[in-house]
Amino acid sequence: MHNSRDLTAALTQEMQQSMSPADVIRYLKDGNQRFLSDEPVERNLLEQVKNTADGQYPMAVILGCIDSRVPTEIVFDKGVGDIFSVRIAGNFVNTDILGSLEFATAIAGSKVIVVLGHTQCGAVKGACDHVEMGNLTSTLANLAPAIYRVDHTEYEPRSSANGDYVNAVTHANIELTARNIINRSQVIRDLVAEGKVVVIGALHRVETGAVEFLDDTEINQDTL
């Protein structure tokens with residue numbers, strides 16, 4: 001399946017169902033490589049709009065940050081109808097987001113959930129600095145578990161001024177969010193256990209545009 005798909009065509013249900021989670025991850029990696037090489041697929045986006053008007057069959061759902069430097073479809077070189085995109089500052093999950101992820105996988109058939117964190121994340125930096133401002137206070141509180149997860153004895157200062165500390169919290173947040181998706185959703189946990197869905201973390205480097213996928217083996221095997 002991997003080498004035979006017409007990348008210019010809008011996804012159909014048959015095309016989506018023929019993909020495995022491994023196929024989808026490879027498509028995402030290949031798309032990022034095309035983005036980095038400045039060789040995107042030439043798509044007729046308006047044609048894809050017409051072809052997806054009666055239904056959608058995305059291959060993956062990306063849970064990313066609202067950061068303007070991480071436009072999901074662009075960095076993965078995907079077209080209309082290829083991926084679901086959930087974006088929130090700090091790429092964490094709550095009940096509403098979990099419901100969206102359940103819809104994307106159990107109802108709409110997506111095969112992969114990607115938790116996409118990124119370097120130089122303002123939400124992570126704000127959490128590291130314990131920023132409090134209006135409703136943002138509550139938003140950043142969702143990143144507190146990642147801060148507690150990091151071994152503070154290894155970092156000084158423990159603030160956004162320390163790039164290594166910010167990176168450690170960013171990685172911890174990606175991993176914890178991926179685990180939370182599985183632990184807090186029986187629907188997704190069952191799909192993972194059946195091998196129908198994979199939850200994987202990834203890091204987007206805003207300095208280069210590269211996306212680095214993290215090892216998902218332990219996270220997904222913990223459901224078995």
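Numbers for the structure displayed
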item	result
Residue, surrounded by the most Cβ atoms within 10 Å (Cβ to Cβ), within the stretch 99-138, restricted to residues that are free of Cβ contacts under 8 Å to residues at least 12 places away in the same chain and within 20 Å of G81 (Cβ to Cβ)	F103
Identity of the residue in the stretch 2-53, β-branched (V, I, T) and within 21 Å of the chain's Cα centre (by Cα), that ends up surrounded by the most Cβ atoms within 10 Å (Cβ to Cβ)	V24
Filtered residues of the stretch 102-127 (kept if among the hydrophobic types (A, V, I, L, M, F, W, C), under 14 Å from the mean Cα position of the chain (by Cα) and not in a helix (DSSP H, G or I))	V112, I113, V114, V115, L116
Single condition E156 does not satisfy, out of (1) crowded, with 19+ Cβ neighbours inside 10 Å; (2) out of contact with any Ser or Thr (no Cβ under 9 Å at 6 or more places or on another chain); (3) more than 30 Å from Q17 (Cα to Cα); (4) not β-branched (V, I, T)	(1)
Residue in the stretch 22-33 that is modelled with pLDDT of 95 or more and farther than 28 Å from D215 by Cβ present	no
Restricting the stretch 57-94 to residues that are of a type in the set (F, W, Y) and under 12 Å from the mean Cα position of the chain (by Cα), the residue that is surrounded by the fewest Cβ atoms within 10 Å (Cβ to Cβ)	F84
Positions within the stretch 166-206 being closer than 18 Å to G99 by Cβ and in contact (Cβ under 8 Å) with a residue 60 or more places away in the chain, in sequence order	T177, A178, N180, I181, R184, S185, V187, I188, L191, V197, V199
Criterion: under 25 Å from T217 (Cβ atoms) and either touching an Asp or Glu at 6+ places or on another chain (Cβ under 7 Å) or among the β-branched types (V, I, T) (or both) - qualifying residue of I107, I113, I88	I113
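One line per residue, one yes/no per condition, for (1) in a helix (DSSP H, G or I); (2) under 19 Å from the mean Cα position of the chain (by Cα):
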residue: S138; (1), (2): yes, no
residue: N173; (1), (2): yes, yes
residue: R179; (1), (2): yes, yes
residue: I182; (1), (2): yes, yes
residue: D190; (1), (2): yes, no
residue: K196; (1), (2): no, yes
residue: T208; (1), (2): no, yes
residue: D215; (1), (2): no, yes
residue: I219; (1), (2): yes, yes
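The values are calculated or read from the model by the stated rules, or taken from the named source; none is laboratory data. Model, not experiment: these values are computed from the prediction. So basically every Cβ, Gly included, is an ideal-geometry build from the backbone, and we count neighbours across all protein chains shown.
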